[in-house]
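Visitor: Got a structure for you, questions after.
Any read-out appearing in this document is the output of simple, stated calculations on the displayed coordinates, not a laboratory observation. Just so it is clear, the structure is predicted and the values come from calculations on it, not from any experiment. Neighbour counts run over all protein chains shown; Cβ positions are idealised from the backbone, glycine included.
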Amino acid sequence: MIVIAKDKLEEAQVLYPSATETLLGWYQVIRQSQFLSESDLKASFGELYSFEQRFEFRVPGTTLLIYTLINFETQVAYIEKIQPGRI
């Protein structure tokens, strides 16, 4: 997939340095994979919150959530924001 707004990922690494390795791992999996559906995402990431094209990924070992918009047809993932969320 193509990942848009990678700058938000870089900002999160500065704000939450203990999550850097996990954030980079998430990025690598998304970037190097072709997900055709929500079930493909769930197979790789497990627990996942979704509504239409919006997806929230938990960052393991933190309270961070990665909020994204994903278009499976065009294979584009847009990072909306990364911030602490519900546990």
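Visitor: Before rounding to the nearest 500, sum -39500 (n - 2.57) across all DSSP H runs of length at least 4 in the chain and divide by the residue total; then give [θ] at 222 nm in deg cm²/dmol.
Guide: -10500 deg cm²/dmol
Visitor: Another one. So if I place +1 on the C-beta of Lys and Arg and -1 on the C-beta of Asp and Glu, and nothing else carries charge, what would the dipole magnitude of the chain be about its Cα centre? I want it in debye, nearest 20. Each step should come with its number before you reach the end.
Guide: Numbers: 8 positive and 11 negative charges, 26 e Å.
Dipole about the Cα centre, nearest 20: 120 debye.
Visitor: Relative to the longest principal axis of the chain, what angle (0 to 90°, nearest 10) does the C-alpha long axis of helix 20-32 take?
Guide: 10 degrees
Visitor: With each label point set 7 Å from Cα along the Cα-Cβ vector, what nm distance links Leu15 and Ile2?
Guide: For the pair Leu15/Ile2, the computed spacing is 2.6 nm.
Visitor: Thr63 to Tyr78: extension gain in nm, 0.36 nm per residue of separation minus the Cα-Cα distance?
Guide: 3.4 nm
Visitor: Match the structure shown to one of the listed values (i) 5.0; (ii) 5.4; (iii) 15.1 of mean projected area of the Cα convex hull in nm², computed from it, and give that label.
Guide: (i)
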